[in-house]
Amino acid sequence: MKAGNNGGYANAWLLGDIRTGEIARLELGLKYVGFERSKDGYFVGSNIAENLHILRLETDYTILKESDMRLTSVARRVRWKQLMRANAGKIDLACAKQMEADCEDACLGEVHPGIGTLAGHAELDERPFLEGYPPYWPIGSYDAKVIDSKMAKAMSLCARWGSADGTAFDAAAFLAARPPYEWMAGLLRSRPAEPWVIFTAGEKAPAASD
């Protein structure tokens, strides 16, 4: 996974060994590589590097920035750690789905669907954020996926398309309510509420009906 890495898309890869129960996180920067492993812990990610070499030397996050919960990545990192501590030892598929759909903003300390939440609803957020997003910028989570060791052994996973909390997005209604974004007409697509679905390796798509 490290071979030929050009740093063009720095990433954190989450790994799990279903035979030993060990998990790991591999963070690939351009110059530095972070690797952690655990048999009794957790790893989270929110578009901010956790390895200090990568964070300090390969990103523009300063010590002050990485503590500023007005930044969406920092707010989401704090919320992930709050949820992981609160649910340690009892996380199953149902709990994982609820966490991915979480709409509490750690910066505000309250449920406030917006860009700073795990469910990611910038299109509902009236606040401009430090990353440069204007109010109501139509971005957020576009899918959600959960898996446990039993599903991994069966080469399957559970996923849902669209918002992690199942909130539908109506592009026409959004554009009608947000005139500054009328230039997106014809480009912005609706995302209806979709159910969680189990996918298994080897499945074939159903034949298209006439």
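Below, the figures for the structure above:
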quantity: Some residue of the stretch 192-209 being among the acidic types (Asp, Glu) and farther than 24 Å from MET84 by Cα; calculated: yes
quantity: Among the candidates ALA159, ALA94, ALA164, residue that is surrounded by 12 or more Cβ atoms within 10 Å (Cβ to Cβ), under 25 Å from PHE43 (Cβ atoms), of a type in the set (A, V, I, L, M, F, W, C) and modelled with pLDDT of 95 or more; calculated: ALA159
quantity: Members of the stretch 15-34 that are touching a residue at least 24 places away in the same chain (Cβ under 8 Å) and touching a strand residue (DSSP E or B) at 6+ places or on another chain (Cβ under 6 Å); calculated: GLY16, ARG25, LEU26, GLU27, LEU28
quantity: Test result for GLU126, free of Cβ contacts under 8 Å to residues at least 24 places away in the same chain, over 23 Å from ASP170 (Cα atoms) and of a type in the set (Asp, Glu); calculated: no
quantity: Scan of the stretch 35-57 for residues that are without any contact (Cβ under 8 Å) to a residue 24 or more places away in the chain and farther than 26 Å from LYS90 by Cβ, ordered by number; calculated: PHE35, LEU52, LEU55, ARG56
quantity: In the stretch 1-15, residue surrounded by the most Cβ atoms within 10 Å (Cβ to Cβ) [restricted to those that are part of a loop (DSSP other than H, G, I, E, B) and hydrophobic (A, V, I, L, M, F, W, C)]; calculated: ALA10
quantity: Top-ranked residue in the stretch 16-35 [being of a type outside the set (A, V, I, L, M, F, W, C) and touching a Gly at 6+ places or on another chain (Cβ under 7 Å); ranked as surrounded by the fewest Cβ atoms within 10 Å (Cβ to Cβ)]; calculated: GLY29
quantity: Qualifying position, being within 21 Å of ASN87 (Cβ to Cβ) and surrounded by 14 or more Cβ atoms within 10 Å (Cβ to Cβ), among SER46, SER38; calculated: SER46
quantity: Any hit, the stretch 70-83, residues being modelled with pLDDT under 90, buried (at least 16 other Cβ atoms within 10 Å of the Cβ), part of a helix (DSSP H, G or I) and among the charged types (D, E, K, R); calculated: no
quantity: Test set (1) in contact with a strand residue (DSSP E or B) (Cβ under 6 Å, 6 or more places away or on another chain); (2) within 20 Å of LEU124 (Cβ to Cβ) - PHE174 fails condition number; calculated: (1)
quantity: Flag for GLY89 being at pLDDT below 95, of a type outside the set (Phe, Trp, Tyr) and buried (at least 21 other Cβ atoms within 10 Å of the Cβ); calculated: no
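The values are calculated or read from the model by the stated rules, or taken from the named source; none is laboratory data. Note that the structure is a prediction, hence the values are computed from the model and not measured. Reconstructed Cβ throughout: ideal geometry from the backbone, glycine too, with neighbour counts over all protein chains shown.
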